[in-house]
Structures are given as C-alpha cells and as structure tokens.
Amino acid sequence: MIGAGPAGLAAAAMLQRAGVRVVVLERAEVAAAWRTRYDCLHLHTVRWLSCLPGYRMPRAFGKWPSRDRVIEYLQRYADRAAIEVRTGVEVERLDRIGAAWNVVTAQGVIEAERVVVATGYSNARYRPGWPGTFAGEIVHSADYRNPAGYAGRRVLVVGAGNSGAEIAVDLADGGAAEVLLAVRTAPTIVRRDTLGFPSQLLGIATAHLPVSVVDWIGATIRRISIPDLTPYGLPAPARPYSDFLRRRVIPILDVGLVDAVRDGRVRVVAALERFADSAAVLADGSRLEVDAVIAATGYRPALEALVGHLGVLDDRGEPVVHAAEEHRHAPGLHFVGYRVTLGGTFRLIGIQAKQLARAVAARRTREAEPVPVPS
Ligand SMILES: Cc1cc2nc3c(=O)[nH]c(=O)nc-3n(C[C@H](O)[C@H](O)[C@H](O)COP(=O)(O)OP(=O)(O)OC[C@H]3O[C@@H](n4cnc5c(N)ncnc54)[C@H](O)[C@@H]3O)c2cc1C
C-alpha cells in the first residue's frame, strides 16, 4: 500500500480484515494531507457519509467535522485497525519483475505480490506559470493556514473552487483590506445543505440519472436556493452537471461566499493573465495593485514518475483502472481514491476499499483451491 491518507488506510483495513498482510509506505505521516490544510477547513460532506468502513466518526465530531477532527479520526482509524504504517518512506517507482512488484524507495527496494497506489488525487499542487514577475508574496493555497499574516493587505485569490472560495471568505473575515477573487469559469455553486438536507445526498442520488436530467435538477436547485449573482460576476453555468463532467471540478459547497460576494467583502474579478511588478493583469485588461496572491489553482495526482512507464494512465495522468480492476499489463496493481464524484470522496473510497478486499480475497480462495485431477 502506498499512502496513509483515507484511501490507503481504508484499503489496508479492509484487506487486513480479509486476511491479507498489508504494509503501508507513507512518505510523511498518517493523514499528512489533512495535517497541512488551512485552519478553517471542515468537511463539505456530512459526517455520517464520510466514514471509512469499520469505524464510524463519533457523533461529537459534529455534522461537518473540522480539519483537526478529520486528522484525529484518521489517526484513530489507523490505530484501531492496527495498520502497519512505515512513515518517512517515499515510493519512487514501481516495476513488474516476473510475477512480483519491485517497490523502489530511497531506502531500498521492497518486493510485493500486489501493490495498491493510494497517493491521492490531490497529491501535487498545481500552479500555472503566469508570465511576468510579481513584487509581492505569492503562495499556493496548500501553504495558506489562516488570515493572520494578511491583515490590512490587498489579496488576490486565484481560482473559484472550494479552497479559493473558503480562503477568500476567511481573509475577508480575518481583516484583509480587500479580497479579490479571480474567476476564469463561473463555478457551479450549491448550498452545503438546504433545510438540513445535505447537497451530497443529491450527488449520490443523481449518480445514475441521465446527464440532461441532472443538469435540469442542478439548474433548478441553483435558481431556487442561490440568488442571482450575475451582477457580481458569478453567473450560473447553464448546464452544471455537464460542466462537472467536462472539468471534473467539484461545485462550490457554499459556506459563506454567496453572502460575502453580495455584501462586497469579496469582489469577483476576471481571470489572472500575468504579472507586472506589483500589479496583477487580468483577462479583461484591468490592472490590480495587490500585496499578495494566493493561487487556489488545484492539484494533480502526479502519478507519472511512479507508474507512467506502465501504460496504466490516461492522457490526464489518471489511472485507467480503479479499485478491484487490474490493467492487463500490470496485474496485481490497484488504484484507490482517484475517481472524482459528487457523492463524496471519503464515501467512495470506502466503497472502493471494500470492492478491492472482496476481489483479492476471492482470488486467494480460488488460488488455494486444489486443482481438480482429471479422471
Ligand atoms: C481542501 C480539500 C478538502 C476536501 N474536502 C473533502 C470533503 O469534505 N469530503 C470528501 O469526501 N472529500 C474531500 N476532499 C477530497 C478527498 O477526500 C481528500 O483529498 C482525501 O484526503 C483523499 O484521500 P487519499 O487517501 O486519496 O489522498 P491523501 O489524503 O492525499 O493521502 C495520500 C497520502 O499518500 C502519501 N503519498 C503521496 N505520494 C507518496 C509516495 N510517492 N510515497 C509514499 N507516500 C506518498 C501522502 O503523503 C498522503 O499521506 C477534499 C480535498 C481537498 C484538497
């Protein structure tokens, strides 16, 4: 197993339960990605639909558990399942040698019968290479913690995903002099819950409906629950679900952006094109003098070095097989946690972990059966 985030831990726990010996190699520590995320982060998916198999999140963690609660949960999950995690071990490359896998790490090569890659869809930060030089401070959203260092400063947040939206509101509430949100494609926005009904449930329920029907449902819900933000630079996409399928960007699950945009605490501006000293030059030609830029421009799975030579990635760099599936050129190699879903990644990770464990257990049973002797 490579990676001790939710996917690696869930897959390890389910495989162990099926009687498989598992060792997890983790370059940092358990729940590393969550340990470094911004302070105000909470799950956007509801607690009872974000549990990994075999251990539920305690009710005391609240409806939308905080980042610290998620870390606590993942650490407890690893401890309860007695998962063997070797921390500080980064896997550099996988090679198929005969019937086994060579797992290449800086500390040496480990041989394994089966390998599960669970290094995360959001493994490596992505930041476009904007032309020009910027005299101010520029950081990726992965390095943003809280608004403390931004009081009294003009900040441009680039990217209207969930991180960008939340960080913009956090900055506005935390005393930044002005918060600007640069948006290239107006995002789909849904309430995190409406009258206590989490939007995640809709994402789960609509998974098997035709695209046109989900588009209609999405547009109708937005019209009913979100005010028209066109005058503020955030028009509703005409076809929200098609937009998700095309761009694979999870909608903004609103926890404050709508109000902040309407009352002027966050101002939406055009996409960032380039820098010119202390100014950001936008796609509409305007120049904004800003002190700091936060690039909420997303992440990549970054699987190329690890498995790119095995022919198991598509042209986006994402695995072509998932969970129990195996590529014919890479038998015994699995990927968990690389599907983007509106139903919640934690929930899907749990489903994939169970599918994987069932398939591996079934194969072991088949292999253990005596070969029938022809009479
Ligand atoms: C800001 C943010 C908020 C999110 N909120 C939610 C939410 O509310 N609900 C939800 O369902 N999903 C959410 N997600 C999506 C997803 O559930 C999380 O990203 C989740 O952490 C994914 O789990 P994972 O185990 O696949 O990856 P990660 O949590 O990223 O774990 C991967 C692990 O692999 C390790 N690793 C990477 N490369 C190597 C290597 N080469 N060798 C050894 N170890 C390696 C990393 O150090 C890390 O510990 C969110 C994602 C982000 C970015």
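None of the figures in this text is laboratory data; all of them are computed from the coordinates on show. Everything quoted here is computed from the prediction, not taken from an experiment. Here Cβ is always computed from backbone atoms with ideal geometry, including for glycine, and neighbour counts include all displayed protein chains.
Percent of Cα pairs in the range 109-249 per distance bin of 5 Å, from zero to the largest separation: 2, 7, 14, 16, 16, 15, 12, 8, 5, 3, 1, 0.
Once you have the Kirkwood Rh of the range 1-56 from its Cα pairs, apply Stokes-Einstein at 25 °C and 0.890 mPa s and quote D in µm²/s.
Answer, rounded: 194 µm²/s.
For the chain, relative contact order (Cα pairs under 8 Å, six or more residues apart, normalised by length) works out to 23 percent.
Nearest 500 deg cm²/dmol is fine: what mean residue ellipticity at 222 nm does the chain get from its DSSP H runs of n ≥ 4 alone, each adding -39,500 (n - 2.57), divided by its residue count?
One gets -8500 deg cm²/dmol as the mean residue ellipticity at 222 nm.
Average projection, convex hull of the Cα set of the range 75-153: 9.8 square nanometres.
Tell me, what does the Kirkwood hydrodynamic radius of the chain come to in angstroms if you use every pair of distinct C-alpha atoms? Result for the chain stands at 22.4 Å.
Extents of the range 216-375, largest first, come to 83, 42, 23 Å (Cα atoms, principal axes, whole angstrom). Rounded to whole Å, the principal axis extents of the Cα atoms in the range 15-172 read 58, 45, 22, largest first. Annotation for the range 219-293 versus the range 132-157: alpha-carbon center distance of 18 Å.
For the chain, the membrane-span-like helix rule (DSSP H, alpha carbon extent of at least 18 Å along the helix axis, mean Kyte-Doolittle at least 0.5) picks out 211-225; this says nothing about an actual membrane. Looking at the range 101-144, the GluC sites (Glu not before Pro) that sit in a DSSP loop and have at most 16 other Cβ atoms within 10 Å of their own Cβ are E113.
Taking label positions 7 Å along the Cα-Cβ direction at both V373 and A283, the computed distance is 7.3 nm, reported to one decimal.
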